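Undergrad: The structure is given below, and queries will be raised subsequently.
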Amino acid sequence: MTLTLSILILLISLFAILIYSVYQPCSKVKLNEIDASKISVNENELAKHVNALCTTTGYRNYKNKIAQAETLGYISKTLNSFGYEVHEQKFTAVEEEYVNLIVFYGNPNAPRIVVGAHYDSFGDQHGADDNASGIAGVLEMARLLQVHQPILEYCIELVAYANEERPFFTTKDMGSFVHAKRNFDKKVSTKLMVCLEMIGYFNDQEGSQKYPVSFLNYLYPTKANFIALVGNMNNHSTVKEFKKYMKQVAAIDVYSINAPSSIKGLANSDHRNYWHFKQNALMVTDTSYFRNPHYHQKSDLPDTLNYKKMAEVLKGTYYSIVNITL
């Protein structure tokens, strides 16, 4: 065998390993209709939550204290109705008080899985997908836990974060940074953080899905009709297992990517702050502006979302969270 051929084989092998590492194939996993039928996700509840968050007095951006108070009130009231005690994590940013809302399923002294989404919107728009859809997901997750009462070795900490959007994005004034730092400083054993970021927009048209790097077009679909899991270079096994469980019960295609957080879009939500503290975190997302033309526009409204597919996303996320081994 010539040296040139040996080098070529080595390069091809390395490229194949790289692709496998990024893509994390789970092609042999089949839908388990029996287990899927047992998970009672309610798409009408999802739509109700999104509509409630999009009909506040004005937009729920960081400047609008009335809309934010209404949002906090709705989230708290809903969680209370499921039987949870709601805890407020207050903090100061730009000389104003902001609040993260927290509830626990299980013993807070046990190791935790954090499931969170931000409730603020960007500027003067209601943000149905960004991120009323994520909050609706957190609320539905809270309901499912109370309905099904799974016996878990972990505590599930459900969080509604303030201040994900600009001008706070990437700063220590993000609600998720405050929360991640608090848990880190208190030496809370956080086994996993699951970020629900824009989980409601889908499109079956060819070419509706874009990617931050062109070669990803050869690995992933060109139709925006799937849900994505985003991990970093430290949690390949977690992402693969999470995807495996999602695919067992969710009637929607599930794809994942593990890649450096420096790639555009991969660290664009609250999970970034758990990565900052070297914690295991992943994002569940419809890929945001890589598919949704209404991103950060007034047209990001409740009637642009697909609640049936969104329900499948939540079914898979719930099943993964209660079954994953960490």
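The values are calculated or read from the model by the stated rules, or taken from the named source; none is laboratory data. Everything quoted here is computed from the prediction, not taken from an experiment. Cβ: placed from backbone, ideal geometry, glycine included. Neighbour counts: every protein chain shown.
Undergrad: So which residues in segment 275-298 are surrounded by fewer than 18 Cβ atoms within 10 Å (Cβ to Cβ) and either free of Cβ contacts under 8 Å to residues at least 60 places away in the same chain or hydrophobic (A, V, I, L, M, F, W, C) (or both)?
TA: F277, K278, Y289, P293
Undergrad: Let me ask you something else. Only residues in segment 224-240 that are charged (D, E, K, R) count as the first member; pair them with residues that are assigned to a loop (DSSP other than H, G, I, E, B), Cβ under 6 angstrom, at least 6 apart or cross-chain, and list the lot.
TA: Pairs found: K240/Q24.
Undergrad: So for segment 126-135 (the condition being under 19 Å from H87 (Cα atoms) and either surrounded by fewer than 24 Cβ atoms within 10 Å (Cβ to Cβ) or of a type outside the set (G, A, S) (or both)), does at least one residue qualify?
TA: Within segment 126-135, one or more residues are under 19 Å from H87 (Cα atoms) and either surrounded by fewer than 24 Cβ atoms within 10 Å (Cβ to Cβ) or of a type outside the set (G, A, S) (or both).
Undergrad: Which one of these is closer than 28 Å to E312 by Cα, polar (S, T, N, Q) and modelled with pLDDT of 95 or more: N183, N163? Give the steps one after another, and end with the answer.
TA: Numbers: N183 fails: closer than 28 Å to E312 by Cα.
None of the others qualify; the one that does is N163.
Undergrad: Inside segment 181-277, counting only strands (runs of 3 or more DSSP E) that do not spill past its ends, which hold 2 or more residues that are in contact with a helix residue (DSSP H, G or I) (Cβ under 8 Å, 6 or more places away or on another chain)?
TA: So the answer is 190-197, 226-231, 253-258.
Undergrad: Let me ask something else about it. If the requirement is being within 21 Å of N268 (Cβ to Cβ) and polar (S, T, N, Q), which of these qualifies: S121, S76?
TA: Unique residue meeting the criteria: S121.
Undergrad: Do you know which of the residues in segment 210-228 that are of a type in the set (S, T, N, Q) and out of contact with any Gly (no Cβ under 8 Å at 6 or more places or on another chain) is farthest from G265 (Cα to Cα)?
TA: For segment 210-228, the residue satisfying everything is N225.
Undergrad: Any residue at all in segment 311-326 that's of a type outside the set (V, I, T), modelled with pLDDT under 95 and surrounded by fewer than 22 Cβ atoms within 10 Å (Cβ to Cβ)?
TA: For segment 311-326, residues of a type outside the set (V, I, T), modelled with pLDDT under 95 and surrounded by fewer than 22 Cβ atoms within 10 Å (Cβ to Cβ): present.
Undergrad: Inside segment 250-266, can you point out the residues that are more than 18 Å from Q24 (Cβ to Cβ) and without any contact (Cβ under 8 Å) to a residue 60 or more places away in the chain?
TA: Passing the criteria: S262, K264.
Undergrad: For segment 163-214, what are the residues that are crowded, with 24+ Cβ neighbours inside 10 Å and acidic (D, E)?
TA: Matches in segment 163-214: E164, E197.
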